[in-house]
Each structure stands twice: as C-alpha cells, then as structure tokens.
Amino acid sequence: MARLRGPGGCPWDMEQDHQSIAQCLVDECSELLETIDKLDMEHMREELGDVLLQVVFHAQLAKEAGHFDFEAVAAEINEKLVRRHPHVFGDMDLKDSEQVLAQWEKIKAGEKANKPKSDSQFKDLPPALPALMFAYDIFKQIKKKALPTGASVDMEAIEAMAAELDEEAAGHILFEISAACRLKGIDPESAVRKFARRVMAESEGLANDAQEEAG
C-alpha cells in the first residue's frame, strides 16, 4: 500500500482519503458476511483479505499524516485482548462464559471511565449501524439493564414469538415484512430505526422518572 500511494504508484490510490474509501469498507464487509452465511471457505479467505486491505489502507493514510501506523493498530488490539482476558493472561479464575462476559463489561467500563459521560441509559451505538442490528442492540440493553419499556413494547408478545421462532421462520417473517414495505413504499431501515429510537426515548423517560421518584 505504501508503494501504491508513493511516487510512481497508482493514481487512484494516491487520490484517496479516509472519507473517500469509507464505503469500500462497508462493501467489503458485506461481501465477507455473504461468504460467512454460506460457509464458503474459499471465498471467505479472499474476502477476509479484502477487509484486511481496508485496514491496511486506513493505517497507511494515518501513517502519512503522522498519526499512527499498522503496527500501532496491531499492538493496540493485542494489548486490549490481553487486558480483557485476565483469566487467560493473568491469575483470575473465571468458570464460564457468563462470568467472562461480566468481567469483560467491568473492564470496558473502567477503560471508559475517563471519557465524557453520557446521561443516556443506553450505550453509544455507531450511527451507521444497520437498523435491525440497532434494534437488536437496543432490546439487548433493555433486557440486560432491566430497563422499563413503554406502550410501544409488548414484552409478552415478544416472548411468545421468541418461543416459536427459529432462524428459518425469522428469515421468512423479515423477508415478508421487507417485501410488504417495498409494495407500500416504506423504507424498512428507516421504519425500524425510528421505532427503535421511540422505544429508547420511552424507556429513558420511564427510567428517569423512576430515578427522580427514588431521589
């Protein structure tokens, strides 16, 4: 990549910046996910390389600007893995995955202690997160933190549906909803995101009211 960006390199590569290649990362991750869904190991190897290229490309751009290089990226994730696995690299004894995840969250909270605090009950989520993943994470936090839900969420109906659901049925339902949205002229991504944000707002409002009453 340094050669491609350097003197006598590729004109296209030399013109790029972080913003101009951002969509490439989204595209390559999507192609990798397709090979994962199919367990297509031959093409998965290729797509992993394409995703790795995006990491290398961004690291090279950062190096040229004097910020960091690829070695620093690799070193930081290596340090994070060691830090967040004291039961492997230290003397902590954790018996199962539940204990591991609890410790992981505790370590993460310590790492973020010096960062600006948010008043939100929900952790910050990437703004470009696909709407279904956004809704999935919102509900995950509601369950994990035992947050209250407003009239928009019928917890009994959700639990009843979950009891009958498997992967094929979930795909069937989601496909039919997407197809119906297409016929109705509704953007399903926007619809899910807006509804998930409404659930967030209702949950935070109820949680804040409860805190004020308790205080």
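The values are calculated or read from the model by the stated rules, or taken from the named source; none is laboratory data. Just so we're clear, the structure is a prediction, and the values are computed from it rather than from any experiment. All Cβ positions, even for glycine, are placed from backbone atoms using ideal geometry, and neighbour counts span all protein chains on display. We work out accessible area using only protein heavy atoms, side chains counted, and drop any ligands, DNA or RNA first. Shrake-Rupley method; radii C 1.70, N 1.55, O 1.52, S 1.80 Å.
Work out how much length residue 87 to residue 45 would gain on full extension: take 0.36 nm times their residue separation and subtract the Cα-Cα distance, in nm to one decimal.
Gain in length upon complete extension: 12.1 nm.
Taking the Cα-to-Cβ direction at residue 146 and at residue 52 and moving 7 Å from each Cα, how far apart do the two end points lie in nm?
Distance between the two pseudo-spin positions: 4.6 nm.
Give, in nm to one decimal, the length gained when the segment between residue 105 and residue 33 is fully stretched (0.36 nm per residue of separation minus the Cα-Cα distance).
Result for the pair: 23.3 nm of gain on full extension.
Please report how many Lys pairs in region 128-215 have alpha carbons closer than 29 angstrom, counting only residues at least 8 apart along the chain or sitting on separate chains.
Step by step, the pairs that qualify in region 128-215 add up to 5.
Which order, highest average first, do 54-64, 19-29, 158-168 follow once you tally other Cβ atoms within 10 Å for each residue and take the mean per peptide?
Per-residue mean Cβ counts within 10 Å order the peptides as 54-64, 19-29, 158-168.
Estimate the FRET efficiency between residue 98 and residue 180 by the formula 1/(1 + (r/R0)^6), using the beta-carbon distance for r and 30 Å for R0, to the nearest 0.05.
0.20
At residue 194 and residue 71, where each label point lies 7 Å from the Cα along Cα→Cβ, what is the point-to-point distance in nanometres?
The modelled label-to-label distance comes out at 5.2 nm.
Projecting each Cα onto the charge dipole of the chain (Lys/Arg +1, Asp/Glu -1 at the beta carbon, about the Cα centre), which of 175, 82, 43 comes out farthest on the positive side?
Final value for the positive-end residue is 82.
For labels at residue 172 and residue 112 in the simple 7 Å Cα→Cβ model, what's the distance in nm?
For the pair residue 172/residue 112, the computed spacing is 3.8 nm.
Tell me, in nm to one decimal, what length is gained between residue 163 and residue 132 on full extension, where the rule is 0.36 nm per residue of separation less the Cα-Cα distance?
Value of the extension gain: 9.2 nm.
Ignoring any ligand, DNA or RNA, what whole percent of the accessible area of the chain comes from carbon and sulfur when the probe is 1.4 angstrom?
58
Which whole-number value in Å² is the accessible area per residue of the chain, probe 1.4 Å?
Solvent-accessible surface per residue comes out at 74 Å².
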